[in-house]
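**Student:** If you scroll down you'll find the structure; I have some questions about it.
The values are calculated or read from the model by the stated rules, or taken from the named source; none is laboratory data. Every value quoted in this text rests on a predicted model; they were computed, and no experiment measured them. Reconstructed Cβ throughout: ideal geometry from the backbone, glycine too, with neighbour counts over all protein chains shown. The area values use the complete protein model at the heavy-atom level, side chains included, leaving out ligands, DNA and RNA. Shrake-Rupley method; radii C 1.70, N 1.55, O 1.52, S 1.80 Å.
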Amino acid sequence: MCQDVERWVKGVDAVGGCVTVCISDIDRGGSIRGMCEFLFMLLTGVDAVGGCGSGWILRPGSQTCYNFVTTQKASWSQAQGLCRDMQSHLAILDSKDDIVWMKGYRIHHPVLRDESYWIGGYQKDGEWLWAGDIVDYPMLVFDWSDNNPDNARYPEGSPGSQDCVSQYPASAHFTWDDNSCTNKLRFICEKDLK
């Protein structure tokens, strides 16, 4: 379709070139509606086709929708509960593609750059897990920041322990931190496109 847009979503700012390429594709008989909806969604962060619902972002090329909750802060468990209220769960970044897309999306949306966000990872019995819809499962791909997870001082589950995963702001390249689950952060919800 428009490879420059795909590169842009993955963190390479090539928007100007993409607009030219996509307009050329439209001129050659491409789908104007589909192309415009795709560009609108990427450039504005709004799901123009409405498949995810109001306030949700459809990740291009996937069946995954995200809601970046920027208007309130919550502990990890509160955030998970608020996501569940929206028939979703905290975001699961269980592949390199997920991690790269999320970093690219956040860097291109200024309101998402400067704060940490809860994602759906947590520690239980010394193992890092993703909190899924039905069953939790082990993390196999990681994007920890330098020296993390660093919860060596506190036993798991004790006050001060860092048993939940947050994604740092742009200043730390959106890498992960093992964070105290009681800290109040913004959060990212995820659901499947229905």
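The rows are residues; the columns are (1) assigned to a strand (DSSP E or B); (2) among the polar types (S, T, N, Q).
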position	(1), (2)
Glu115	no, no
Gly120	yes, no
Leu140	no, no
Asn147	no, yes
Val165	yes, no
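**Student:** Kindly evaluate Asp85 against the criterion of being farther than 20 Å from Lys184 by Cα, open to solvent by 20 Å² or more (accessible area, probe 1.4 Å) and free of Cβ contacts under 8 Å to residues at least 40 places away in the same chain.
**Tutor:** Criteria not met by Asp85.
**Student:** Further, regarding this structure: Give Ser116, Ser95, Ser145, Ser166 a once-over and let me know the one that is within 22 Å of Pro60 (Cα to Cα), polar (S, T, N, Q) and either surrounded by fewer than 21 Cβ atoms within 10 Å (Cβ to Cβ) or modelled with pLDDT of 95 or more (or both).
**Tutor:** Only one candidate qualifies: Ser95.
**Student:** Scan (1) open to solvent by less than 60 Å² (accessible area, probe 1.4 Å); (2) at pLDDT below 95; (3) of a type in the set (Gly, Ala, Ser) for the single condition Ala74 breaks and write down its number.
**Tutor:** (2)
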